[in-house]
Amino acid sequence: MRILVTGSAGHLGEALMRVLRGSDNETLGLDIKSSAFTDRVGSITERPVVRACMQGVEAVLHTATLHKPHIATHTRQEFVDTNISGTLNLLEEAAAAGVRRFVFTSTTSVFGRALIPAEGEPARWITEDVAPQPRNIYGVTKLAAEQLCELIHRRSGLPCLILRTSRFFPEEDDDRAAREAYRDDNLKVNEFLNRRADIADVVSAHLLAMEKAPAIAFGLYIISATSPFAPSDLQELRTDAPSVVKRHVPDYERLYAQRGWAMAQSIGRVYVNERARAGLHWHPTYDFGYIIEQLGKSEDYRSPLARAVGSKGYHAGRFSEGPYPTD
């Protein structure tokens with residue numbers, strides 16, 4: 001099968017290319033940046049480039065995007081051009097070329113304000129049924145791109161699955177308070193409880209979505225590590241998260257103490273991946289329990305793929321506010 005991967009020089013695009021190049025598939029990596037995984041340098045905003053890349057393609061894995069960190073360096077119009085118009089170019093050219101598998105990488109950032117509980121409320125249980133309330137241009141444009149996916153599917157029959165991925169980047173957090181409160185590895189491991197995934201699991205979800213797209217036709221899925229929590233934990237998560245975590249994963253406390261790590265006192269939302277596990281038959285490996293096991297054996301909790309892709313950064317330099325400002 002000939003597969004077009006957009007954003008092939010990015011975190012996820014490279015990870016997909018690494019895995020697909022080891023399979024029997026033929027891959028074409030498209031990106032505005034040259035890299036070892038980019039076969040065609042060009043932009044998804046240029047319709048002729050997209051049309052040329054679509055020749056003979058049976059599946060599209062669309063990961064190219066302007067991300068939240070680019071808010072510091074790109075205009076709103078550039079976000080619209082890349083995330084909305086670029087996605088439309090791909091969808092229409094894929095439909096015209098008879099592509100039968102289109103997977104769009106979206107983000108849990110589309111939920112925006114819906115992720116934040118009011119004072120005294122329990123943590124939010126975030127499923128695909130929660131109505132998005134984007135709070136920046138990144139979320140707005142990704143949600144609009146999702147809606148284009150549904151529109152083109154309905155109009156042309158293009159099988160299209162949308163994956164709302166949670167955090168999988170290895171870069172520093174943009175939240176200064178979080179950076180000051182926790183060591184970077186401590187913070188990332190905490191996030192596997194409710195809002196992070198390993199890139200290997202994100203890749204496996206994309207490949208399953210590509211496989212199942214013709215049969216499913218259209219679908220929307222949250223892609224995040226499986227949380228140990230249940231709805232009955234949500235109230236206590238807001239006020240005493242360490243006790244809830246200890247109840248579900250008792251070994252964490254000892255291993256955190258050995259490293260001088262701290263658990264978040266309050267957790268405000270939990271991403272729920274149940275629909276993806278059921279509908280895609282997805283079996284993510286890298287959850288909080290697995291990571292605690294690896295820490296107990298003094299082994300690296302990251303997947304080999306995450307280590308191979310590594311950190312890319314989003315900008316050439318740093319900002320006085322931290323790795324990147326976002327507001």
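The values are calculated or read from the model by the stated rules, or taken from the named source; none is laboratory data. Note that this is a predicted model, so its numbers are computed, not measured. Positions of Cβ are generated from backbone atoms using ideal geometry, with glycine treated the same way; all protein chains shown enter the neighbour counts.
A few remarks follow.
- The range 8-44 - residue that is in a helix (DSSP H, G or I) and in contact with a Gly (Cβ under 8 Å, 6 or more places away or on another chain) and, of those, surrounded by the most Cβ atoms within 10 Å (Cβ to Cβ): Met17
- Restricting attention to the range 145-183 and to residues that are in contact with a Cys (Cβ under 9 Å, 6 or more places away or on another chain) and of a type in the set (Val, Ile, Thr), the residue that is nearest to Arg196 (Cα to Cα) turns out to be Ile162.
- Count - residues of the range 175-192 that are within 18 Å of Arg269 (Cα to Cα) and of a type in the set (D, E, K, R): 3
- Condition check for Tyr221: hydroxyl-bearing (Ser, Thr, Tyr), crowded, with 19+ Cβ neighbours inside 10 Å and within 23 Å of Gln147 (Cβ to Cβ): yes
- Residue match in the range 238-252 (condition: over 30 Å from Ala59 (Cα atoms), in contact with a Phe, Trp or Tyr (Cβ under 9 Å, 6 or more places away or on another chain), modelled with pLDDT of 95 or more and assigned to a loop (DSSP other than H, G, I, E, B)): yes
- Note on the range 47-152: enclosed strands (runs of 3 or more DSSP E) holding 1 or more residues that are within 20 Å of the chain's Cα centre (by Cα) and of a type in the set (Lys, Arg) are 101-107, 124-126.
- Within the range 68-78, not a single residue is closer than 28 Å to Phe192 by Cα, touching a residue at least 40 places away in the same chain (Cβ under 8 Å) and touching a Cys at 6+ places or on another chain (Cβ under 7 Å).
- Restricting the range 216-246 to residues that are touching a strand residue (DSSP E or B) at 6+ places or on another chain (Cβ under 7 Å) and aliphatic (A, V, I, L, M), the residue that is farthest from Gly279 (Cα to Cα) is Leu234.
- Residues in the range 163-184 that are assigned to a helix (DSSP H, G or I), among the aliphatic types (A, V, I, L, M) and either touching a Phe, Trp or Tyr at 6+ places or on another chain (Cβ under 7 Å) or surrounded by fewer than 15 Cβ atoms within 10 Å (Cβ to Cβ) (or both): Ala177, Ala181.
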